[in-house]
Structure formats: C-alpha cells, structure tokens
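Colleague: Would you mind keeping the following structure in view while I ask a few things?
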Amino acid sequence: MDASSITVRSARADEVDQIGTLTLDAYTADGYLGPDSSGYAASLADAASRLRSADLLVAVDADDTLLGTVTLALPGSDYAEISREGELEFRMLAVAPTARNRGIGEALIRAVFDRARELGLPRVVLCSSQNMAPAHRLYERLGFTRLPDRDWSPGPKVHLIAFELDLPDA
C-alpha cells in the first residue's frame, strides 16, 4: 500500500470505539504509557469525547479500514493545550502498529495543514512527549520547528515539548 491509497476524512460516530482502541494500541506499542499514565490512557481511548469536542480525523485504506487518527483543537477548546489565536493544534496522532511506515502519519499531518488553511489559520502547533523521537523526526521533516517557550509538564515525570509551523499559503 502506498500513500496514494490512503484517504483522510472526518471520523464517524460508529467508529469511536475502534478509534479509541487504535490510539491506545499505538501509544502502548511504542512504550509511551507507563504505570502512572492511566488517566491519559483513558483519554486516548475516549474517542467519543474527541468527536464531540474537537475535529477528529481518520486515515483509511481503500477498504475503509482504520489506519490512523489525529485530533484537531482550536484555541480555547476542550482539547487545546498550547494553541493561541490564529493557530490550529493537533494532538493524539496515532498510527496502527500494523500500518506503520506507509506514510499514514504524514498524510494525517498534511490533512491538518489543509484544515488549518480551510479555517484561515496560518499556524499549526503541537506538543509531544520528549521521548517521541520518531514523531519529532517526522515533524521536523515536514517543516516544524521547536517552540520551547510553550514546553510544559502536565504532571510529574511528563515533559512535553512544543513545535510550530507557519503555513506559507494560509
């Protein structure tokens, strides 16, 4: 499968359980959930809340099989953590462990760029755990730069680092 056979679309209500499982499985497979992360694990699994309070996108193949997901949050919305006016924030980017290395993460992020342009927002921001090096390489390859003044810690032993990208044609 190549990236051209992947479609990114808005999630449907009948998919929330599967999206939650996919998100939780992706973070678990990469070792990003430790013994102190039960609250965050519950949030990752709760795709129904993300569908209600944010813009939830999914990547699917030609058979409509879910391959990945990302949550988009406007400043001040329930899922926004670091975004400010004029920015679209994305969170909880996840690719199914069985669908890795197919361009799905990049396709989801490019859909974030498209949504930001549709909304007239010239900047995309995100924060990521400092130990998510593979994701950071993808962000940097797509043009994101570090935004250290918005790094933060939501809890003990959790340090999130921020990234930004100005969209030249937004």
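The values are calculated or read from the model by the stated rules, or taken from the named source; none is laboratory data. Since we're looking at a predicted model, the values are computed, not measured. Methodologically, a virtual Cβ is constructed for each residue, glycine included, from the backbone with ideal geometry; neighbour enumeration extends over all protein chains shown. Ligands, DNA and RNA are excluded from the accessible area calculation, which covers all protein heavy atoms including side chains. Shrake-Rupley method; radii C 1.70, N 1.55, O 1.52, S 1.80 Å.
Colleague: Could you please let me know if L138 is more than 23 Å from A45 (Cα to Cα), surrounded by 18 or more Cβ atoms within 10 Å (Cβ to Cβ) and in contact with a Gly (Cβ under 7 Å, 6 or more places away or on another chain)?
Modeller: Spelling it out, it is not the case that L138 is more than 23 Å from A45 (Cα to Cα), surrounded by 18 or more Cβ atoms within 10 Å (Cβ to Cβ) and in contact with a Gly (Cβ under 7 Å, 6 or more places away or on another chain).
Colleague: Could you tell me which residue of segment 131-149 is modelled with the lowest pLDDT, considering only residues that are in a loop (DSSP other than H, G, I, E, B) and within 15 Å of the chain's Cα centre (by Cα)?
Modeller: Checking each candidate, the answer is M132.
Colleague: Shifting gears a bit: Here is a list of conditions, (1) in contact with a helix residue (DSSP H, G or I) (Cβ under 8 Å, 6 or more places away or on another chain); (2) farther than 28 Å from R146 by Cα, and T7 meets all of them except one; can you say which number that is?
Modeller: Failed condition: (1).
Colleague: Could you list, in sequence order, all residues of segment 3-15 that are part of a helix (DSSP H, G or I), closer than 14 Å to D64 by Cα, open to solvent by 20 Å² or more (accessible area, probe 1.4 Å) and modelled with pLDDT of 90 or more?
Modeller: Of everything in segment 3-15, just one residue is part of a helix (DSSP H, G or I), closer than 14 Å to D64 by Cα, open to solvent by 20 Å² or more (accessible area, probe 1.4 Å) and modelled with pLDDT of 90 or more, namely D14.
Colleague: Quickly run through segment 150-170 and pick out the residues that are in contact with an Asp or Glu (Cβ under 9 Å, 6 or more places away or on another chain), open to solvent by 70 Å² or more (accessible area, probe 1.4 Å) and assigned to a strand (DSSP E or B). Spell out the reasoning first.
Modeller: Residues of segment 150-170 in contact with an Asp or Glu (Cβ under 9 Å, 6 or more places away or on another chain): 150, 152, 154-164.
Subsequent filtering for residues that are open to solvent by 70 Å² or more (accessible area, probe 1.4 Å) retains 152, 154, 156-157.
Within segment 150-170, W152, P154 qualify.
Colleague: Got at least one residue in segment 101-110 being under 21 Å from A41 (Cβ atoms), in contact (Cβ under 8 Å) with a residue 60 or more places away in the chain, more than 11 Å from the chain's Cα centre (by Cα) and not in a loop (DSSP other than H, G, I, E, B)?
Modeller: No, segment 101-110 has no match at all.
Colleague: Please identify the pairs in which a residue from segment 49-78 that is at positive phi and open to solvent by 40 Å² or more (accessible area, probe 1.4 Å) has its Cβ atom under 9 Å from the Cβ atom of a residue that is modelled with pLDDT of 95 or more and in a loop (DSSP other than H, G, I, E, B), counting only partners at least 6 apart or on another chain.
Modeller: That search, which allows pairs on different chains as well, returns G76/S83; G76/E85.
Colleague: Which of the following residues is open to solvent by 30 Å² or more (accessible area, probe 1.4 Å), modelled with pLDDT of 95 or more and among the hydrophobic types (A, V, I, L, M, F, W, C): L108, L93, L88?
Modeller: L93
Colleague: Inspect segment 29-44 for any residue being touching a helix residue (DSSP H, G or I) at 6+ places or on another chain (Cβ under 9 Å), buried (at least 20 other Cβ atoms within 10 Å of the Cβ) and at pLDDT below 95 and give the result as yes or no.
Modeller: Checking segment 29-44: at least one residue is touching a helix residue (DSSP H, G or I) at 6+ places or on another chain (Cβ under 9 Å), buried (at least 20 other Cβ atoms within 10 Å of the Cβ) and at pLDDT below 95.
Colleague: Which of the following residues is over 27 Å from D149 (Cα atoms), out of contact with any strand residue (DSSP E or B) (no Cβ under 7 Å at 6 or more places or on another chain) and part of a loop (DSSP other than H, G, I, E, B): D63, D78?
Modeller: Step by step, each of D63, D78 is checked, and only D63 is over 27 Å from D149 (Cα atoms), out of contact with any strand residue (DSSP E or B) (no Cβ under 7 Å at 6 or more places or on another chain) and part of a loop (DSSP other than H, G, I, E, B).
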